[in-house]
Amino acid sequence: MGNAHYLGNMEAVSTPAKNPETPLPQEVWTVEPGMHRDEAVLLIRFPYHKELVARVRQLPGARWSRTLKAWYVRDTEQYRQQFGLAPKEQVKQAPARIGEVNRPALQRMVETLRLKGYSPHTENTYRNEFAQLLFVLNDVPVDSLTPERLRSYMLYCTSELKLSEATLHSRLNAIKFYFEQVLHREKFFAEIPRPKKHSTLPKHISQRDIKKLLEATSNLKHNTLLRLCYGMGLRVSEIVGLKVQHIDSGNMQVVIVRGKGKKDRYVNLPESILAQLRMYYKEYQPKEYLFEGQYGGPYSARSAQAVFKQAMKAAGIIKQVGIHGLRHSYATHLMEAGTDIGHIQKLLGHEKIETTLIYTQVTNRETKKVKSPLDSL
């Protein structure tokens, strides 16, 4: 992935643009393609300035990501043209611009990803990130690179291209995959340090606000979707991928098929949802997927996110959190209720207990009992 630098006079943005089509100022913005919640976006970064914030807010669909520490908009051709980035078609054709000597390397990498059963999303990310290295190499064979040369390249990506931490990790993972999984050079990356990841806490919503959110959602389909998403702690990809046959009301269980990491797991079906679920099934009569789109097939993840956003607005909840916050809230509220951490790990489908333990930083019943000395004054 490349990036675009816009460095210009701060006075050029002293008045927020009223027309989103107005070209953005130079020498202020740093823009690069990225991924956010499984969606292609353009990440916008700039030194904090209230007038710049006001300006970027006027871009249709612009939102702030606390996780990525950047503003972002959808990766569209319109925005690519506005920010001076290469059209998507050119990005897709990146392999065609790779030197003849390195094209077989890219093909071997893609074949290995498919043989190992990686997801299409991971394949696309790794292919594009690896292609950036091959494009820079031109006619220099990638197989001839030494650890020192790769270290210099990653330093270039950090210092010159100023790629985000997330993009740097993706690029390093792609290159690492090629050398270790395709060429079988196991200790090739021992001397190449990784950028330190920013440690963020999961964003959750209080039970009181979740109740307000559900009460403000009158549409039966939307309400059922949100209740199940929260009530079972599902990822957005899991709720839209849920099929009618996956629900076992007899045992009050739901099987989540091919969740993250291609792992199946069982979650408990909330007893309070059963009557509404039957009412929903009777009214909408889904054929295959529990939540289907207008023309059949699974409900899109983007539509589910829009339902959540609309519900938050209707409930008057002002908080920068996406639909994934329902999953975080599920785990947080279970922990607050004293549920065993091992059970929470199993229900969430976490491979490692360390992933689940992060919720102990969000809620700690004993710590909450500690009173501030201010209250004793």
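Scanning region 316-361 for residues that are in contact (Cβ under 8 Å) with a residue 24 or more places away in the chain and of a type in the set (D, E) yields a total of 2. Consider Y280 carefully, then state whether it is assigned to a loop (DSSP other than H, G, I, E, B) and either touching a strand residue (DSSP E or B) at 6+ places or on another chain (Cβ under 8 Å) or assigned by TED's automatic domain parsing to the domain that holds G349 (or both). Criteria not met by Y280. The residues of region 309-342 that are under 20 Å from the mean Cα position of the chain (by Cα), among the small types (G, A, S) and part of a helix (DSSP H, G or I), listed by number, are G325, S329, A331. The set of residues in region 283-308 being within 17 Å of V257 (Cβ to Cβ) and in a helix (DSSP H, G or I) consists of A301 alone. Of A174, A190, all but one fail to be in the same structural domain as E100 (by TED's automatic domain parsing), aliphatic (A, V, I, L, M) and in contact (Cβ under 8 Å) with a residue 24 or more places away in the chain; the exception is A174.
Considered as a group, the residues in region 132-150 that are more than 14 Å from L168 (Cα to Cα) and under 27 Å from the mean Cα position of the chain (by Cα) include one that is surrounded by the fewest Cβ atoms within 10 Å (Cβ to Cβ), and that residue is F135.
Here is a yes/no grid of residues against (1) surrounded by fewer than 15 Cβ atoms within 10 Å (Cβ to Cβ); (2) at pLDDT 90 or above; (3) under 25 Å from D209 (Cβ atoms):
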| position | (1), (2), (3) |
| --- | --- |
| Y281 | yes, yes, no |
| P286 | no, yes, no |
| Y289 | no, yes, no |
| R302 | yes, no, yes |
| I318 | yes, no, yes |
| L326 | no, yes, yes |
| Y330 | no, yes, yes |
| T363 | no, no, yes |
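The values are calculated or read from the model by the stated rules, or taken from the named source; none is laboratory data. Keep in mind the model is a prediction, meaning the values are calculated, not measured. All Cβ positions, even for glycine, are placed from backbone atoms using ideal geometry, and neighbour counts span all protein chains on display.
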